Amino acid sequence: MYKINKELAEIFSELSAIYRFKGEEHRFRVTAYQKAATVLEHLQEDIRNYMTDDQLEEITGIGESIAEKIREYVKTGKIKKYEKLKKEIPPDFIELLDVKGLGPQTLKTIWKELNITTRAELVKALEDGRVEALEGFREKSVQNILEGLNEQEKADQRILLADAIEIADWLVEQLSAQPGVIKVQVAGSIRRGRETIGDIDLLVSAEPQKRERIIDFFAEMEGVRKVIAKGDTKVSMVIDQAHRQVDMRIIDDEEWGAALLYFTGSKEHNVHLRTIAKDRDLKINEYGLYESTGKKTRIAGKTEESIYKKLGLTWIPPELRENTGEIEQSAQNKLPTLVTVDDIKGEFHTHSKWSDGLQTIEEMARYARDEMSYSYMVLTDHSKSSRIAGGLNEQRFLEQFEEIDQINQKMGGHFIKKGVEVDILPDGKLDLEDSLLEQMDWVAASIHSHFNRDNTDRILAACESPFVNAIGHPSGRLIGKRKAYPLDIEKVIAKAVETGTALEINAQPQRMDISGEWAKMAIEKGVMLVIGTDAHDLANFKYMSQGVTTARRGWCQREHIINTREWNGVEKFVTAKREALGVKSS
Ligand code: DGT
Ligand code: CA
Ligand code: CA
Ligand code: ZN
């Protein structure tokens, strides 16, 4: 993302929070600033490119007053209004707004009544009973707030894969530009594609005489907050972005494979490899694979393949390196050929301006075709019960069909498929009439309400509909924000197989739903999976690669993922379910 876009997005997001704190009467501003922040985060170009001939206001989501502030920031590096408002509220409080049990009103009371302005003081007052003594606070709400604070702290310890990748890409770019650098690669949990990331591990190979300069450059780079340790071969530091720790190791190119293998992990995978080495009278460490007797000759280390090979194994994809059976399968040359991004033929989960997306249908479709090189895109706007998301009723969907037909004609073909993300209502019924669903090319059904109860029955009921082809984000979790609702995944999997319903791997960074672990359970029982980015704008399409990563962590091959089919193959899946459940195809 462009630096200036990011800075402005952060300011607007903070302004939105400040107005939320100030009160209900500002709710219009709260939404406007939040929207502006989202737009900036996803903008494909430097915002300054829009300033040459006053095009700022033409960007959806940027009104006159916000455009004014963008110009002020570009010109002066500051926004006066923001600087002023920021001083009116204790800085810690912005981050506390989203904590369970807190909120603007509660925070204001605590601030005014107890003169508390920091997180630490707040925790103290919650613990020593001062908050409980305030009018309107009971022991239960105090307990609730403490729990909320605890959860937030835990969530802060790990960040989402997508955010970590963005930071890591930036660091790789900085390092790659240094003289003497031969290779740079991200290792650790990012390379394995875990959903959340603790710290960022980077591996660099370089000409020995340039090492010192590279290390110094890295430790003194802009954006470094604190250096924890610095030596001849490594730096550990904390950077400003997401307050992340970064571990960088610099090695000889000869050691590349051994170091990459070691620092990719997982630790459990490494430990298991070590026992295999031992059984063969070998010793493995981050420098290479050695004979443990006699001359202790180094027998491999330049590439990962060479090490695995000498251990009697085939190369293991990083996503599988969790010591959950991958080493045994590799020993028997039985590892699956995992699905790759290149296998993906189309996108199944997109939203347009018709509901809560930021782009028109045509903009989404042209991007999917021309930039993502897909051969189809399913449009899946929300149904009417999702009011906040601007869900459509039956009539509106019929109107949307007409627009789709027109755009398809213009684009020459049937690139856009008619679909919907239909709400599963609390009683398990669907939010739209069968007579409409029957006209759809693809129907995903999702839960968007009542997250606090067991939702197994709702999902089972949705699977029974002949028109539902997939269950969207089945667990309902938002990583770090909302736990999955109670769900009997085994029952869901059994029903999906029985009815010919696919389960979604939703690739939104906060969702990653279902997880790799559940994906593996599902395919082992014969469930078809569908990867959807749930794109609400053009920038979201790129999450497909993360969806594929999750599928790979679930040991998925091409045939397990419906996106790898051309559209006529998808049609077969849709028709098969309808016919099995007694609906005649038209
Ligand atoms: P994270 O940072 O919590 O998301 O997870 P990782 O897997 O990136 O863990 P991290 O950063 O502590 O270490 C990176 C890799 O280095 C890890 O995956 C394997 C290797 N490693 C670290 N400590 C040890 C260790 O004590 N023994 C072995 N065998 N490997 C280790
Ligand atoms: Ca790490
Ligand atoms: Ca680390
Ligand atoms: Zn949804």
Mind listing just one residue for me: the one in the range 232-271 that is under 28 Å from the mean Cα position of the chain (by Cα) and loosely packed, with under 14 Cβ neighbours inside 10 Å and, of those, farthest from ligand 1 (Cβ to nearest atom)? ASP240
Are any of the residues in the range 221-228 over 30 Å from ILE514 (Cβ atoms) and within 16 Å of ligand 1 (Cβ to nearest atom)? yes
Would you point out which residue out of ALA187, ALA155, ALA164, ALA219 is among the aliphatic types (A, V, I, L, M), modelled with pLDDT of 95 or more, out of contact with any helix residue (DSSP H, G or I) (no Cβ under 7 Å at 6 or more places or on another chain) and more than 16 Å from ligand 4 (Cβ to nearest atom)? ALA219
Would you tally the residues in the range 108-120 being without any contact (Cβ under 8 Å) to a residue 40 or more places away in the chain and either in a loop (DSSP other than H, G, I, E, B) or in contact with a helix residue (DSSP H, G or I) (Cβ under 8 Å, 6 or more places away or on another chain) (or both)? 8
Picked from the range 193-212 (must be acidic (Asp, Glu) and not in a loop (DSSP other than H, G, I, E, B)), the residue farthest from ligand 4 (Cβ to nearest atom) is GLU212
Any chance ILE447 is touching a Phe, Trp or Tyr at 6+ places or on another chain (Cβ under 8 Å), β-branched (Val, Ile, Thr), over 22 Å from VAL527 (Cα atoms) and assigned by TED's automatic domain parsing to the domain that holds ILE388: no
Entirely in the range 229-294, the strands (runs of 3 or more DSSP E) that have 2 or more residues that are within 16 Å of ligand 3 (Cβ to nearest atom): 234-239, 245-251
Of everything in the range 61-70, what is loosely packed, with under 15 Cβ neighbours inside 10 Å and of a type outside the set (Asp, Glu)? Give them in sequence order. GLY63, SER65
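Here is a yes/no grid of residues against (1) hydrophobic (A, V, I, L, M, F, W, C); (2) in the same structural domain as ILE276 (by TED's automatic domain parsing):
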| site | (1), (2) |
| --- | --- |
| GLU305 | no, yes |
| LEU313 | yes, yes |
| PRO317 | no, yes |
| PHE348 | yes, no |
| THR360 | no, no |
| ALA365 | yes, no |
| TYR374 | no, no |
| SER383 | no, no |
| GLY390 | no, no |
Please work out if GLN105 is within 22 Å of GLY148 (Cβ to Cβ) and either in a loop (DSSP other than H, G, I, E, B) or not hydrophobic (A, V, I, L, M, F, W, C) (or both). yes
List every residue pair whose Cβ atoms lie under 9 Å apart, where the two residues are 6 or more positions apart in sequence or sit on different chains, the first residue falls within the range 460-476 and is at positive phi, and the second residue, located anywhere, is of a type in the set (D, E, K, R). HIS473/GLU504; HIS473/ARG511; HIS473/ASP513; HIS473/ASP534; GLY476/ARG482; GLY476/LYS483; GLY476/ARG511; GLY476/ASP513
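Which residue out of GLY413, GLY391, GLY480 is modelled with pLDDT under 95 and loosely packed, with under 13 Cβ neighbours inside 10 Å?
Exactly one residue qualifies, and that residue is GLY413.
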Any pair with Cβ under 6 angstrom, 6 or more apart, that starts in the range 316-341 at a residue that is in contact (Cβ under 8 Å) with a residue 60 or more places away in the chain and ends at one that is of a type in the set (Gly, Ala, Ser): GLU319/GLY193; ARG321/SER266; GLU322/SER266; VAL339/ALA551; VAL341/SER545
Does ALA229 count as surrounded by fewer than 20 Cβ atoms within 10 Å (Cβ to Cβ), under 27 Å from LYS154 (Cα atoms) and without any contact (Cβ under 8 Å) to a residue 40 or more places away in the chain? yes
Just to check your reading of the model, which residue among ILE190, ILE215 is within 11 Å of ligand 1 (Cβ to nearest atom), among the β-branched types (Val, Ile, Thr) and either surrounded by 15 or more Cβ atoms within 10 Å (Cβ to Cβ) or not in a strand (DSSP E or B) (or both)? ILE190
Considering only residues of the range 132-187 that are within 16 Å of ligand 1 (Cβ to nearest atom) and of a type in the set (S, T, N, Q), which is nearest to GLU113 (Cα to Cα)? GLN157
I'd like to verify a number: residues in the range 152-164 that are free of Cβ contacts under 8 Å to residues at least 60 places away in the same chain and surrounded by 18 or more Cβ atoms within 10 Å (Cβ to Cβ), how many? 1
Which condition from (1) at pLDDT 95 or above; (2) exposed (fewer than 15 other Cβ atoms within 10 Å of the Cβ) is the one that LEU202 breaks? (2)
Using the structure shown, decide if VAL181 is closer than 28 Å to ARG298 by Cβ, more than 16 Å from ligand 4 (Cβ to nearest atom) and crowded, with 21+ Cβ neighbours inside 10 Å. no
Only one of ARG274, ARG298 is without any contact (Cβ under 8 Å) to a residue 12 or more places away in the chain, in contact with a Gly (Cβ under 7 Å, 6 or more places away or on another chain) and surrounded by fewer than 21 Cβ atoms within 10 Å (Cβ to Cβ). Can you tell me which? ARG298
Condition check: more than 16 Å from ligand 2 (Cβ to nearest atom), under 25 Å from LEU320 (Cα atoms) and in a helix (DSSP H, G or I). Does ALA164 satisfy that? no
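Would you mind stating whether SER475 is part of a loop (DSSP other than H, G, I, E, B), hydroxyl-bearing (Ser, Thr, Tyr), modelled with pLDDT of 95 or more and in the same structural domain as ARG387 (by TED's automatic domain parsing)?
In short, yes.
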Could you check how many residues of the range 392-427 are hydrophobic (A, V, I, L, M, F, W, C) and closer than 22 Å to ALA462 by Cβ? 6
Residues that are in a helix (DSSP H, G or I) and surrounded by fewer than 23 Cβ atoms within 10 Å (Cβ to Cβ), drawn from the range 519-542: LYS520, MET521, ILE523, GLU524, LEU538, ALA539, PHE541, LYS542
Got a sec? Which of ILE327, ILE344, ILE404 is in contact with a helix residue (DSSP H, G or I) (Cβ under 8 Å, 6 or more places away or on another chain), within 16 Å of ligand 1 (Cβ to nearest atom) and either modelled with pLDDT of 95 or more or more than 29 Å from HIS560 (Cα to Cα) (or both)? ILE327
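Name the residue that is farthest from LYS577 (Cα to Cα), counting only residues in the range 440-460 that are assigned to a loop (DSSP other than H, G, I, E, B) and in contact with a Lys or Arg (Cβ under 7 Å, 6 or more places away or on another chain).
Within the range 440-460, the match that is farthest from LYS577 (Cα to Cα) is PHE451.
The values are calculated or read from the model by the stated rules, or taken from the named source; none is laboratory data. Since the model is a prediction, treat every value here as computed from it, not as a measurement. Using ideal geometry, Cβ is built from the backbone for each residue, glycine included, and neighbour counts are taken over all protein chains shown.
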